[in-house]
Amino acid sequence: MKTAETHTEKARFDTRLSKEQKVIFERAALLGGYRNLSDFVISAVQEKAKMIIQETETVLASQKDSEIFFDAIINAAKPNDKLIAAAKQYNNLLSK
């Protein structure tokens, strides 16, 4: 019986830190219960990346919603007979 093997392609990311940054990051990794500095950095960067992506997508969706809303207002169709009748009925109720 064959089992499906999952292969995750790995990539390398190198960076240079100041000694002070490394000390702070290692301390945070230790206090946060991470196995090592790499796990801490990957976790922190991934969390921040997801947050940035979500915020950006939310803003873009909001901008698109605004465009649709204002387009509907600016290019609104003329009211049909039912809407005109409903408006008259509403105004009659308010004037009583």
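What follows is calculated from the coordinates using simple rules that are stated; it is not laboratory data. Just so we're clear, the structure is a prediction, and the values are computed from it rather than from any experiment. Note that each Cβ is placed from the backbone with ideal geometry, even for glycine, and that neighbours are counted across all protein chains shown.
Are any of the residues in the stretch 39-55 in a loop (DSSP other than H, G, I, E, B), surrounded by 11 or more Cβ atoms within 10 Å (Cβ to Cβ) and either in contact with a helix residue (DSSP H, G or I) (Cβ under 8 Å, 6 or more places away or on another chain) or on the phi > 0 side of the Ramachandran plot (or both)? Give the steps one after another, and end with the answer.
Step one: list which residues in the stretch 39-55 are in a loop (DSSP other than H, G, I, E, B), which gives none.
No.
I'm trying to understand the selection: among the residues of the stretch 22-38, which are of a type outside the set (S, T, N, Q) and part of a loop (DSSP other than H, G, I, E, B)?
Of everything in the stretch 22-38, those that are of a type outside the set (S, T, N, Q) and part of a loop (DSSP other than H, G, I, E, B) turn out to be G32, G33, Y34, R35.
Scan the stretch 8-20 and tell me whether some residue there is assigned to a helix (DSSP H, G or I) and out of contact with any Lys or Arg (no Cβ under 7 Å at 6 or more places or on another chain).
Yes, the stretch 8-20 contains a residue that is assigned to a helix (DSSP H, G or I) and out of contact with any Lys or Arg (no Cβ under 7 Å at 6 or more places or on another chain).
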